[in-house]
Amino acid sequence: MLVIRDVLISDEIVEEKFMCDLKSCKGACCTEGDYGAPVDKMEMDLINSHLPQLKSTLNPESVALIDREGAFTYYRKPEKWGTTCHKNGDCVFLVRDQTGISYCGIEKNQKEGKSTCQKPLSCHLYPIRVTANEIAGFEAWNYDRWDICKSACVQGQKEKMPVYKFLRVAIIRYKGPEFYDELEAAANHMNQSDPNKQPH
């Protein structure tokens, strides 16, 4: 395990390979699961403030669901707020292209210059899952294994792409460039210290 400042980082985030392969998975992470993408209050407030722009990207069914139930739902089992989902499991912010691949409508809206709002950090950081311990004053980062991401693991192995490098932009968004540089330096040191590890 690596320790960067107040963050405990699983070795798997350095050792495991991962690279999204949308042609294979079709963006299944936006449609599978028991609840929507976890969000905090700041993210909910930000996304809600951009809903007029975001709705222009979403399909009519999602706009109707947001108007009826809101963009976010409190899920009792994980005791967290998350994006609202349709009954078929689709995130309310999901959009599909002509090939059937699912994308985040928030991210699409941003890339098209319609808003500056970013998709939930929990989505951006996946497959890293962050668990905060506010009492102890630290957080833990773990690698989340999900069978729908098997193609991403294969693609990551093919491209020799460690999880943390694939998520460079998301990590910098969350913790800043200096944190990422510290993580990369620690990862390089860990790899050099163990001759049995394959270089990244």
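Each reported figure results from applying straightforward, stated rules to the coordinates on display, with no laboratory input. In this text, all values refer to a predicted model and were calculated from it rather than measured experimentally. Cβ sites come from the backbone with ideal geometry, for glycine too, and all protein chains shown count toward neighbours.
The table below lists the values:
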item: Set of lysines near residue 108 by C-alpha distance (under 18 Å), chain-local residues within fewer than 8 positions excluded; result: 23, 26, 55, 119
item: FRET efficiency, residue 150 to residue 186 (Cβ-Cβ, R0 30 Å, nearest 0.05); result: 0.60
item: Rg in Å to one decimal, and Dmax rounded to a whole Å, for the chain via C-alpha atoms; result: 17.8, 58
item: Per-pair calculated FRET efficiency, R0 = 45 Å: residue 8 and residue 87 via Cβ, rounded to 0.05; result: 0.75
item: Sparse-neighbourhood loop sites, GluC sites (Glu not before Pro) in the range 1-61 - DSSP loop, at most 10 other Cβ within 10 angstrom; result: none
item: Least to most buried among 93, 72 (fewest other Cβ within 10 Å first); result: 72, 93
item: Reachable aspartates and glutamates, given that their alpha-carbon falls under 17 Å from the alpha-carbon of residue 17 and they are not under 8 places away in the same chain; result: 144, 147, 159, 184
item: Sparse-neighbourhood loop sites, trypsin sites (Lys or Arg not before Pro) in the range 28-109 - DSSP loop, at most 13 other Cβ within 10 angstrom; result: 76, 87
